[in-house]
Each structure stands twice: as structure tokens, then as C-alpha cells.
Amino acid sequence: MRKINILVLMLACIIFTSISCFGGGGKGGSGSSGPTYFSFEDLRSGIRNEYFYFENQSKPDNAMLWLEPYMQYPLCASRNAVIMKKVTANPTLYKIDTSMHIMANWNDVTETPVDWNAISSTVTRGDLIFTRSNSKAGNLVKFFSNWTHVAIMDDTQRKYVFESTPDSGVSVNDGPATWKNITYYTCKTIETIPWSQRCYFLDQGKQKFTKLPYYPKESTAIGRARFIFDWSNKDNLSSMYCSKLVYNVYRSCISLDTGRTSVFNPALQDKAWGANVFSWIGVSPDDIYYSSSLGRDFTYSQNLIYL
């Protein structure tokens, strides 16, 4: 009987250890004391593996290029031909003109240097800079947005930008020192807000959001799907990814969420009144880039014109 009790105890320890290892995918990992927390890698693998399907479906209103108007998620690639056939049959409906390509393909193999001297001489405080990159965060955002990052110019002479990144959260960063692996970039102005107001909202945003984390610090006990929901939700202010930050800086004056990014998962769909069908609860760099409140592209990487 004593031997049986010992065997049962040993079996229970093995099962407990296995469960702990399986659940410890966040920061701290298995073997660490106290609760474990989700990490950026949990977020990335969750979006990749847990059936969160995204697409960009809305037409641009005032942009230099119409970039890849098809499903971002690889498993949705079969829809490409259907969408392109519809667009080609009626280009006027989709506002395609001689300055736009019906379909554009990114070249993420070749990285391009950011011309910060040109940016500092043309961009004003409060303007937006969009980038696409091969960074860790960039490769995550490519699941649901063509542009992978957006930042607000803060100090043109010092080349400081107000942004949110996985490494530092919400902060003012030295652009030339921190922006790496860039493959495309462009700049745009929010034309519906006067410059003085753009600066005012920027200052208010810096006071309210600086030091917020890029993703929420939540225990693995809540479940990965809930973690992704809280990270995505543009109304959840416990954490800020880049476009969520820009959206919230200016949201008291204007909504920069155009609903361009859609999601095929009920948990992540925007239920707000007036929201587009399948509209994502978050806000992507593409959502902001295609806002009719933004002017046309200026001071962009030259490879953008060859898309």
C-alpha cells in the first residue's frame, strides 16, 4: 500500500510539472517562481496559429498607392484572384487612376536607408511617418497591415519621434538610432487638424501615454485569446502598439480608424455602432494611412514609386 501511495504521488508530480511547462509560455517560463506572463512571442505565435484571419478590403481615398488589396493571412491567399477580378472589371469604383497600381508587391529583401535629413527639412511636428520593416514587430504586423509601423514626428531638428515599440513601449525615440531593417517609408500630414492643434494633441498624448507597454502584462492564466483581444482593442488603454497610440493621440478630435483592416474572428470584430462589417477592434497602420483626413504622400523612399 505504501508503494502504491508513493507511485501515485510521483505520478501527480509528473502531471503537475507537465502542466506547468505547457502553461509557462510567457515571460518567466517554466521553472520560475510566481505567475508567468505573456510575451511578444506569445502574441506573434497566437496571431499566427489561433485562427485570426485578417484582410484589407477598403479602397484608399487619398493615397499614393493602393497596396495589396487582398488577404494578408497566407491561408486566405485563394481569395486574391477573386478580389483582383472584381477590381479590374470596375477600376472607377475603386478609384484606380494612372497614379495607382491595381496590384503592388513589396520587396522586403532589400532594405533602404531612411533619409532623415530630407525628413527633418520637410516634415513638421505632428506629421506621421509610416514604415515597413523586417523587424520582429514588423513581421507580426504584416499579418494584418501592409505598413508595419507609424510614428509621430516630435522634434524635427533632433529627429525625435513619438512612438510605441516592443522594446521600449511608448516613448520619444531617436529615429536614426532606433529605426532598423526599414524596407519602405513615407510621410503624411493630418490636413483636417491645424498644426497648432496637432502639436497640442501630441503634447497631451506624451503626458498621458508615455511609458505604457507595447503589449499588456497579463498572466498566462487568462488565456492567449484574451491576451490578444486586450492587446488589439483600441479602447483598452493598458497597452499601446504603434497605430493604437497614434489613433488615441488624436481621437478626441478625429477618428483615424478607417475600418480598412477586417478580421474573420467574432472575438476580434468591432461591435461599435456604425462599424464596418468584420471591422477589426484594433486600428492598423493601414487604417490610418488610408484615412481621407491625411494628405498625399511626401518625402518617401524612392523604391515606393516602383511598386
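Quick rundown of the values:
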item	result
Residue count, region 176-201 (criterion: over 19 Å from Pro213 (Cα atoms) and either under 22 Å from the mean Cα position of the chain (by Cα) or in a strand (DSSP E or B) (or both))	15
Residue match in region 160-175 (condition: in contact with a Cys (Cβ under 8 Å, 6 or more places away or on another chain), of a type in the set (D, E, K, R) and touching a residue at least 12 places away in the same chain (Cβ under 8 Å))	yes
Residue within region 110-129 that is aromatic (Phe, Trp, Tyr) and surrounded by fewer than 19 Cβ atoms within 10 Å (Cβ to Cβ) present	yes
Candidate set from region 202-219 (those that are over 20 Å from Ser252 (Cβ atoms) and either within 17 Å of the chain's Cα centre (by Cα) or of a type in the set (D, E, K, R) (or both)); member that is surrounded by the fewest Cβ atoms within 10 Å (Cβ to Cβ)	Lys211
Looking only at region 268-306, and only at residues there that are touching a Phe, Trp or Tyr at 6+ places or on another chain (Cβ under 6 Å) and among the small types (Gly, Ala, Ser), the one that is farthest from Thr192 (Cα to Cα)	Ser301
Counted residues, region 92-147 - those being at pLDDT 80 or above and either charged (D, E, K, R) or not assigned by TED's automatic domain parsing to the domain that holds Val172 (or both)	8
Region 254-275 residues that are among the aromatic types (Phe, Trp, Tyr), paired with ones that are modelled with pLDDT under 90 (beta carbon under 6 Å, 6 or more apart)	Phe264/Tyr53
Asn134, sole failed condition from (1) under 19 Å from Gly295 (Cβ atoms); (2) more than 13 Å from the chain's Cα centre (by Cα)	(1)
Subset of region 220-243 [in contact with a strand residue (DSSP E or B) (Cβ under 6 Å, 6 or more places away or on another chain) and at pLDDT below 95]	none
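The values are calculated or read from the model by the stated rules, or taken from the named source; none is laboratory data. Only a predicted model underlies this, so the values are computations on that prediction, with no experimental measurement involved. Cβ: placed from backbone, ideal geometry, glycine included. Neighbour counts: every protein chain shown.
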